Every structure is written in structure tokens, then in C-alpha cells.
Amino acid sequence: MNHADAAEKFNKDFDRTTWHDETLWWVRQKRDRAAFAIPEWEALRETASQIKHNVLSELDNYLIEFEKNAQKNGITVHWAADAHEHNEIVLSILKSQGVTQMVKSKSMLTEECHLNPYLAENGVEVVDTDLGERIVQLAGEPPSHIVLPCIHWKKEEIGVLFHKHLGTPEGCADPILLTHAARENLREKFLTRRVAITGVNFAVAETGEFVVCTNEGNADMGAHLADVHIACMGIEKIIPKREHLGVFLRLLTRSATGQPITTYSSHFAKPRAGQEMHIVFVDNGRTTQLGREEFRNSLKCIRCGACMNTCPVYRRSGGHSYHNAVAGPIGAILAPNLDMTKNADLPFASTLCGSCSNVCPVKINIHEQLYEWRQVLTKSGHSPMAKTLSMKAMSAVLSNPAVYRLSGKIGRFTMANAPFVVNNSLNPWFKQREMPEPPKESFGEWYKKNRSE
Amino acid sequence: MKVGLFIPCYVDQFYPQVGIATLQLLEKFGCEVSYPAKQTCCGQPMANSGYEHLTHDCNRLFISNFSEYDYIVSPSGSCVLHIKDHLHDDKREVEATHVRTHIYELTEFLTDILKVENLEAHFPHRVGVHQSCHGQRGLHVAQMSELVAPPFSKPEKLLNMVTGLELVKLDRLDECCGFGGTFCVAEEAVSVRMGIDRVDDHVKNGTQILTGGDMSCLMHLEGVIRRRQLPIKVMHIAEILNSK
Ligand code: SF4
């Protein structure tokens, strides 16, 4: 289902759309308060953007530097060209351990690679330990938001879900009790699973360490209790120096949820005695994106989700309408890089209002890239023929004033060609909106009478 | 000062009074204004749909219509932004550059070029401003709520010069109305929902007259208001600044 159809379905429930919009707007407001408490906020964003700029131009060198330092620390480094290779690497580590069960803390990369279904097919049971991810996992859904995976679920609905899966009392919707039930259920998994996967927020080239940010401490629980820690990351997550964390950690959570910092910012530098630590670097289209000059900066993304929370379209269409692991504005500029045909609708799921670019902590010009993707998609034939024909007709009329005037005469041209003004029930404009009323004369006609000699 | 008046196609066809108010305002401040009769459109409907490559002829026409003026002024932030960002012509790049760098949205022209500090306008109503995204985030006629930076608003500064007028404070200062060009039909459900939410913010805060610098957004909001039979009237800011 394309974005427009999914969004229409989402909007059928008016009150729920209101609730979804207001919930995320509240997060945007929390972000605003946190940002406005930092006078140097805009300078921080600029610094972060510049650091990432340097990372993208020196990516190969930083990756090699990281690998060298990580290996020195006793971490095993793997390289995956695409999602499939990533999944195979993870499975091979599990097999070498003879393990068929594991815990995983939040990682959008593993979502992007569809690791869970792959492992399930290969007989491995994965338990997501981030509360939000656990909820969507129990519900058999993908996350709808990169930071708040179950933001589309109401607490009463979670109560029903937990009653079914975790045996909480029927009708219980108390967040504290529900969280407690989830925690108890997860504790057993933490204690018994021998392998833990985590994502990576930042990998420091200079030291070969990586940093994982969570609010629930579930990454730490998983990694510290397991014999094997596998960290999966996209190659763009590298930063040059440890001191740069001072910039990114200040920006990340303020942008994401309005907190000054995540509850846990855990540094993993070397395996403890007897533990194995692996890191899997994944390309999966990133070097292609790096080669597309106008879209390169999308790789600066630190996955804070701020662009989603502020996006008026995301708030009113929900994460699943983007049919991609990463939803919202950033998803709409990342997804076409992975598959133009499947994701040709996403760059059009925007009014180009530009709010996303303004909240982005690394200053990605998201809305300009949406515009650029439209051009690329259209030129490469990913546009319906009818649209192309009507655009060609429009171009012919608009570049010829005589034809334009002829077809003018109170709006005939505009009526026939502007997408928003055909007065019949088939036109989507008219479904829920009135038409402007055509006046007696156009401005051009008035001007001719009143001003021209 | 020779000013070329650029009236976007839908304003020409549906809102002649907005063109007239813009013209009269500019004349009031001593501009020598002409409306080149051969103008059609800025090309944005095609470009935003992914067909910028079909806008060459449109660009050529725009340049020949407007390159001789000191300034080009339009009552539509969105069209102005499109020209500023995308008007090029291999053969006439010097003229194209002149047009790109001398085209202004009406309120920024009044504020930055004419440096208007006084208006003889009277409008005794509660007015709510819809701050269109392209004017704001594109042309910076007002500060953006996302940025940690001092607030300002050129349209509101002008409206504050109008006697009797009371500005309405909204819950969401600058959220998009959902028009978005072809978005308004391609993503009808979300577009309308965004429009409803914008309008409700105005209703809730007591707007009598909803105004703005971009007639396309206003046309969309007016469509929603009229269908829902709400007690709000929509007027372009030029009409208010030109009222007596
Ligand atoms: S694009 Fe920017 S705002 Fe959006 S998730 Fe990435 S870093 Fe955050």
C-alpha cells in the first residue's frame, strides 16, 4: 500500500489521529524546551554537522582506524556489504556458540536488515528487550518510530496485549504495573540468554570503543550478562574522537525526547575476561548514497527521530504508512536509495514545509533532498505516465502566453490543469473542501481596463 | 523604482482583489508598477511534482517578462521562493540572476526595501496570521519556531501598524497548513486533516479574519472553512494592509 492510501486509512479514525498528532507534538514541545535552554544550541548543531561532514569525506580512513584500535582491544570486527551478509554473520556467530535463543536491545539497523525474521527462519528465537520494541514484537508489528517504537499504541491496548502474552490482570492499563510485568518477564531472558545483540549510537575511531544510548539500561543488562556481545552498526555511525561525544550526546536526547541525556550512555571498549565481543559494520547501500552528492548528507543522521516528531504529515499518517524500517522525513530520503521502485511514493509524502531540516541536530537539508528525490525519481521513469503527460501539457500552456490567455477566461486553464480546482465530486480537492468562487473578471482583465493606456 | 508585478496564475484567476490590493499598496509607496501582460506561472507546480526539467520554457518566459525591472514583487511567498531557488537559463543566466536576486514577496519588500514604518490602514478585527512555510522557512519573513534564535515577523510587524487590528496568538505558531501544491490532492486525507487542525487553532483562539502572505495556503484553508461553515473570513494580507 502506498503512503497516500495508508494515510487515508489512518485518517479514517479522526480521534485517534488527533491523539497520535498530539502525543508526538508534545514530544516536539519537550524538544523545544530542552533546546531553548541551551543558548549555544544552533552552534552545537553546526558543529555536529561539520564533524559529520568530515566523517563522510574520510569515512574509509576512520573505519580502518577504528578496526585497528578495536582489534587491539580484543573486539572481532566483521564487514557486511548488505543486509543479507549482516544477517549471515550474526547467524554464524550464533551457530558457533550453538545457541538458538538470544536477547536484542534496540537497533534500527537490525530492523533495516530484517534480522528478526531471518533468524526466526533459521530457528533462532530473538527477544527484543527495549520495552517499546517488546510491545511491537509481541504484537507482530514493526516499530512505527525509530525512538518510540510503539508510539502508536495506547496504554489500554498494551494492557490487552500483555494480558494475552504476559498474563497481566484483565483490564489493567496502569503503565507502572505493565512495565513491571514486562521487566519480570525480561529478567528471565536476560539471565538465561548467552548472546546479546545491541545497536551502536557512536563508534569512536580514535579509541576503538563504541557507545550505546538507552533509557532502560537493557543494552547493558543484555551485554553484561551474555557470554557474547554482538554490536551491529551502519558504517556512518563512526566519529573521529572521543571528545566529539560531548557534542553528540548533548544533541541526541534533547532532540529525541527533550531529556538532557539518555539515562545510560554506555561505553564498550573491550570484552571482559571470558567474553567475546563482535562488531558488525554494515554498508547496505550507504556507499551508494555517499556517492550521490545531493543525498550524501543524509548519512549524517544520528537517528534521534526529531524530524518525525515535528513532521505534520508523519504525525497524521503514522510510521507504518512509510512501509520502511525508518519512517518519516529521514526515511523518505533514505528509502529510495535502497529501492527506488518500492519507495517512489515517499518523497511525495511531504508538503516540503521544512520543519524537519530545522530540528535536525546534524542539519541535514531533509526537505531539499525530498525535492531532489522527486526530480531523480521522475527522470528515471518512476512516475505514472498520465502524470508525465499532464505535466508536459501544463508546461506547453504555461510557456505560451497566448495559449494561456486563450484558455484563461476565468479560470478555464486553471480549472482544467491546476490539480486543486475541478468542481466535481471525483476531484479529491472537493471531497472535503469548497472551491474558490470564480470572480467576474480576472486580475489581468481588471488591469487592462484600469491601468493600461 | 520600477517594479514588475508578478501575479500567480491562481491569484489572477480566482483572487483578483489580492492583485489589486498589492498593486495599490505598492503605488501608495511611490513605486512605478507594471504588470507584464505575458506572464503565466513560475513553474512550481511542475517542479514540485518532480518535473523541474520541464520548466525551461517557463523560465525563459519569466525572464523575458521580468528582467527589465528593478524589482519583482508578488503576493505569494511560495512562487517567489521557487523563482529564487530555481530560475536559470543557460543563454540568459545574467538576467536570470538579476531576477532571482531581485524578486520579493510583498511583506518582505515592504519591510526590507521600502522600509515601511507607517501605514494608513484601519482594520478593527481580530486577525490570525497563517505563517506559510515557504515564506517563513524559505524566505525567512519570520523566525522559525524550531530555531533557538530571536523571534521576528515581517508580516506581523506590518499588521501591527494597522489601527484597530488585534493579532491572535495561536497554539502552534507555524505549523504547515497541508496545502503543499499537488500534495493537496495526491495526499488528500492528510492535507485536509492538516487544514482542519490549522483552522481549529484559529477558531479556538478567536480569529475573525485569517490572513497570510500566500494565497495558495489561504485557498486551501478557505476551502476547509467554507465546507465546515465556520465563522472565519479569509483575506490576503495585502487586502488588510490596503484597507481604509
Ligand atoms: S534526520 Fe536529523 S532529525 Fe531526523 S532522525 Fe536523523 S538526525 Fe534526527
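If I go through the stretch B:11-51 residue by residue, how many of them are among the acidic types (Asp, Glu) and surrounded by 22 or more Cβ atoms within 10 Å (Cβ to Cβ)?
Within the stretch B:11-51, residues that are among the acidic types (Asp, Glu) and surrounded by 22 or more Cβ atoms within 10 Å (Cβ to Cβ) number 1.
Regarding A:ASN324, is this residue more than 9 Å from chain B (Cβ to nearest Cβ), within 16 Å of the ligand (Cβ to nearest atom) and either assigned to a loop (DSSP other than H, G, I, E, B) or on the phi > 0 side of the Ramachandran plot (or both)? Against the criterion (more than 9 Å from chain B (Cβ to nearest Cβ), within 16 Å of the ligand (Cβ to nearest atom) and either assigned to a loop (DSSP other than H, G, I, E, B) or on the phi > 0 side of the Ramachandran plot (or both)), A:ASN324 qualifies. Looking only at the stretch B:50-86, filter to residues that are touching a His at 6+ places or on another chain (Cβ under 8 Å) and assigned to a loop (DSSP other than H, G, I, E, B); which one of those is nearest to the other protein chains (Cβ to nearest Cβ)? Looking at residues that are touching a His at 6+ places or on another chain (Cβ under 8 Å) and assigned to a loop (DSSP other than H, G, I, E, B), I get B:THR55.
Where strands (runs of 3 or more DSSP E) sit wholly within the stretch A:100-202, those with at least 1 residues that are touching a residue at least 12 places away in the same chain (Cβ under 8 Å) and of a type in the set (Ser, Thr, Tyr) occupy A:195-198.
This table checks each residue for (1) part of a loop (DSSP other than H, G, I, E, B); (2) within 19 Å of the chain's Cα centre (by Cα); (3) without any contact (Cβ under 8 Å) to a residue 24 or more places away in the chain.
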| position | (1), (2), (3) |
| --- | --- |
| B:LYS169 | yes, no, no |
| B:ARG172 | yes, no, no |
| B:CYS177 | yes, yes, no |
| B:CYS184 | no, yes, no |
| B:ALA189 | no, no, yes |
| B:VAL192 | no, no, no |
| B:ASP201 | no, no, no |
| B:LEU210 | no, yes, no |
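Just to be sure, is B:MET235 surrounded by 24 or more Cβ atoms within 10 Å (Cβ to Cβ) and among the hydrophobic types (A, V, I, L, M, F, W, C)? No: the conditions fail for B:MET235. Among the residues of the stretch A:60-75, the ones that are surrounded by fewer than 15 Cβ atoms within 10 Å (Cβ to Cβ) and among the β-branched types (Val, Ile, Thr) come to 1 in all.
May I ask you to say which residue of A:ARG374, A:ARG303 is near the ligand (Cβ under 10 Å from one of its atoms) and among the basic types (Lys, Arg)?
Matching residue, one of A:ARG374, A:ARG303: A:ARG303.
If I go through the stretch B:95-136 residue by residue, how many of them are touching a helix residue (DSSP H, G or I) at 6+ places or on another chain (Cβ under 9 Å), in a helix (DSSP H, G or I) and aliphatic (A, V, I, L, M)? Number satisfying all stated conditions: 4. Looking only at residues in the stretch A:140-167 that are of a type in the set (A, V, I, L, M) and either within 19 Å of the chain's Cα centre (by Cα) or more than 27 Å from A:THR253 (Cα to Cα) (or both), the one that is nearest to the ligand (Cβ to nearest atom) is A:ILE146.
Scanning the stretch A:331-369 for residues that are within 15 Å of the ligand (Cβ to nearest atom), at the interface with chain B (Cβ under 10 Å from one of its Cβ atoms) and not in a loop (DSSP other than H, G, I, E, B) yields a total of 8.
Annotation for the stretch B:102-116: at least one member residue is modelled with pLDDT of 95 or more, within 12 Å of the chain's Cα centre (by Cα) and among the β-branched types (Val, Ile, Thr). Taking (1) touching a strand residue (DSSP E or B) at 6+ places or on another chain (Cβ under 9 Å); (2) surrounded by fewer than 22 Cβ atoms within 10 Å (Cβ to Cβ) in turn, B:LEU221 satisfies each apart from (2).
Beta carbons closer than 6 Å, at least 6 apart along the sequence or on distinct chains, pair a first residue in the stretch A:16-42 that is among the acidic types (Asp, Glu) with a second that is surrounded by 14 or more Cβ atoms within 10 Å (Cβ to Cβ) for A:ASP21/A:ARG315; A:ASP21/A:ARG316; A:GLU42/B:VAL148. Taking the stated definitions as given, is A:HIS145 in the same structural domain as A:GLU216 (by TED's automatic domain parsing) and surrounded by fewer than 20 Cβ atoms within 10 Å (Cβ to Cβ)? No: the conditions fail for A:HIS145.
Scan the stretch B:19-44 for residues that are assigned to a helix (DSSP H, G or I) and more than 7 Å from every other protein chain (Cβ to nearest Cβ) and the total you get is 9.
Of the set (1) in contact with a helix residue (DSSP H, G or I) (Cβ under 6 Å, 6 or more places away or on another chain); (2) modelled with pLDDT under 80, all apply to B:ASP57 but (1).
Residue-by-condition table, conditions (1) over 19 Å from A:ILE302 (Cα atoms); (2) among the β-branched types (Val, Ile, Thr); (3) not assigned by TED's automatic domain parsing to the domain that holds A:PRO428:
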{"site": "A:MET1", "(1), (2), (3)": "yes, no, yes"}
{"site": "A:ALA4", "(1), (2), (3)": "yes, no, yes"}
{"site": "A:GLU8", "(1), (2), (3)": "yes, no, yes"}
{"site": "A:ARG16", "(1), (2), (3)": "yes, no, yes"}
{"site": "A:THR23", "(1), (2), (3)": "yes, yes, yes"}
{"site": "A:VAL27", "(1), (2), (3)": "no, yes, yes"}
{"site": "A:ALA43", "(1), (2), (3)": "no, no, yes"}
{"site": "A:ASP60", "(1), (2), (3)": "no, no, yes"}
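Restricting A:MET308, A:MET277 to residues that are away from the ligand (no atom under 16 Å from the Cβ), in contact (Cβ under 8 Å) with a residue 40 or more places away in the chain and hydrophobic (A, V, I, L, M, F, W, C) narrows the list to A:MET277.
Please find, among B:TYR104, B:TYR69, the residue that is more than 27 Å from B:MET194 (Cα to Cα), aromatic (Phe, Trp, Tyr) and touching a residue at least 40 places away in the same chain (Cβ under 8 Å). Only one candidate passes the filter, namely B:TYR69.
The values are calculated or read from the model by the stated rules, or taken from the named source; none is laboratory data. Treat the numbers as computed from the prediction; the structure is a model and nothing was measured. Cβ coordinates were reconstructed from backbone atoms using ideal geometry, including for glycine residues, and neighbour counts include every protein chain displayed.
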